[in-house]
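The values are calculated or read from the model by the stated rules, or taken from the named source; none is laboratory data. These numbers were taken from a predicted model, which means no experiment stands behind them. In this analysis, Cβ positions are derived from the backbone assuming ideal geometry, glycine residues included, and neighbour counts consider all displayed protein chains. Accessible surface is based on the protein model in full, side chains and every heavy atom, while ligands, DNA and RNA are left aside. Shrake-Rupley method; radii C 1.70, N 1.55, O 1.52, S 1.80 Å.
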Amino acid sequence: MIREKIGKGYRPLGETLPAPIGQAGEPRKTGLACELLTAIEFREVAKYILDPAYWLQDKRDGHRRMVEKRANGAIFGINRRGLTAPLPATLHAELTLLDLQTFVLDGEIEEDRLVVFDLLDANGDMRKAPYADRFNRLLLELSRARVPSRRGLEHISTVSTWRTREEKETGLQQLYADKAEGVVFKRAAVAYAAGRSGSHLKFKFTATCSARVRTVNKKRSVGLELLDENGGWVEIGNVSVAVSHEIPQVGSLVEVRYLYATAGRQLYQPVYLGLRTDVGEKECALTQLKFKRDEEDA
């Protein structure tokens, strides 16, 4: 429970985080692009549990973050849009312990921790290698880190992964019981492909969407809106903002979890998750909404 709260932004009383380390000035393009997941429906989950070509992984609830180390020793983060992004100082310090001249990690950042699910460079480009080889190399390189204590890495870890059918069945049950965001199916034999190739899949136990703040209301609440197919903004309801979060300004992009959308395009049981700085307004589309099956065509 403590790990879950810290991952959502809570900190122990009196504890503060060191200032992040990043590139000075405006974010700049890096030329790296993320591989994106393709959403599947509940009825398809069993198919991929049974298929030996796919592994099961935990769908993390953080922000996408690649990390590159160049030959000159510079280490910097890269967001979902391929722009440089700062890294927490504690995480940056651990990244220097990896025994590689160059590397590119791909994962999600959760407060001051990086949960890694891919390795694209390890003293050389690995993107053409099968995913299974890249992930196994990732496990090896993290185990080789020059950590001064026996506790191992504290701010870098690999995503939980299940490979066989029996393991995948157990993992699915465990993640659902733990109220995880969902599951990911990784095709073990494919090379890395930037964009949405359809090789890797996701199924969310609950729905989430990126939205724009339309209004700031009284009593720690904001109104939300999404972009329709004609380029107009459509109101989708309000969400309360917990005291652990700052109230976002009008025009900010935020992430919200919800149970489903009603026929009137209103979010049912929305929960505010935080700001999104790694997406653009075009991604705040009305097509994200997940409707109840009996209301989708209403």
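Assess whether T158 counts as being open to solvent by 40 Å² or more (accessible area, probe 1.4 Å), within 21 Å of L50 (Cα to Cα) and either touching a strand residue (DSSP E or B) at 6+ places or on another chain (Cβ under 6 Å) or touching a residue at least 40 places away in the same chain (Cβ under 8 Å) (or both).
no
Quick one: in region 21-57, which of the residues that are acidic (D, E) and outside any loop (DSSP other than H, G, I, E, B) is most open to solvent (accessible area, probe 1.4 Å)?
E44
Residue check, R265 against (1) within 30 Å of Q174 (Cα to Cα); (2) of a type in the set (K, R); (3) in a loop (DSSP other than H, G, I, E, B), all met but one. Which one?
(1)
Which residue out of Y48, Y54 is of a type in the set (S, T, Y), over 14 Å from T158 (Cα atoms), touching a residue at least 60 places away in the same chain (Cβ under 8 Å) and in contact with a Lys or Arg (Cβ under 7 Å, 6 or more places away or on another chain)?
Y54
Of V234, V190, which residue is part of a loop (DSSP other than H, G, I, E, B) and either open to solvent by less than 30 Å² (accessible area, probe 1.4 Å) or without any contact (Cβ under 8 Å) to a residue 24 or more places away in the chain (or both)?
Selected residue: V190, the only one of V234, V190 that is part of a loop (DSSP other than H, G, I, E, B) and either open to solvent by less than 30 Å² (accessible area, probe 1.4 Å) or without any contact (Cβ under 8 Å) to a residue 24 or more places away in the chain (or both).
Out of (1) open to solvent by 30 Å² or more (accessible area, probe 1.4 Å); (2) farther than 19 Å from C34 by Cβ, the odd one out for P88 is which?
So P88 meets the others, but not (1).
Is there any pair linking a residue in region 252-278 that is under 13 Å from T208 (Cα atoms) and open to solvent by less than 30 Å² (accessible area, probe 1.4 Å) to one that is in a loop (DSSP other than H, G, I, E, B) and of a type in the set (F, W, Y), with Cβ under 8 Å and at least six apart or on different chains, and which?
Partner pairs satisfying both residue conditions: none exist.
Is there any pair with a first residue in region 138-153 that is free of Cβ contacts under 8 Å to residues at least 60 places away in the same chain and over 17 Å from K69 (Cα atoms) and a second that is outside any loop (DSSP other than H, G, I, E, B) and hydroxyl-bearing (S, T, Y) whose Cβ atoms are under 8 Å apart and which are 6 or more apart or on different chains, and what are they?
L139/T158
What is the one condition in (1) touching a Cys at 6+ places or on another chain (Cβ under 6 Å); (2) in a loop (DSSP other than H, G, I, E, B) that S210 does not satisfy?
Going through (1) touching a Cys at 6+ places or on another chain (Cβ under 6 Å); (2) in a loop (DSSP other than H, G, I, E, B) one by one, S210 breaks only (2).
Within region 237-251, which residues are open to solvent by less than 10 Å² (accessible area, probe 1.4 Å) and touching a Lys or Arg at 6+ places or on another chain (Cβ under 7 Å)?
V241 - this is the single residue of region 237-251 that is open to solvent by less than 10 Å² (accessible area, probe 1.4 Å) and touching a Lys or Arg at 6+ places or on another chain (Cβ under 7 Å).
Exactly one of (1) touching a Ser or Thr at 6+ places or on another chain (Cβ under 7 Å); (2) modelled with pLDDT of 95 or more; (3) open to solvent by 50 Å² or more (accessible area, probe 1.4 Å) is unmet by S221. Its number?
Going through (1) touching a Ser or Thr at 6+ places or on another chain (Cβ under 7 Å); (2) modelled with pLDDT of 95 or more; (3) open to solvent by 50 Å² or more (accessible area, probe 1.4 Å) one by one, S221 breaks only (3).
Among (1) closer than 20 Å to V216 by Cβ; (2) in contact with a helix residue (DSSP H, G or I) (Cβ under 8 Å, 6 or more places away or on another chain), where does R265 come up short?
Condition not satisfied by R265: (1).
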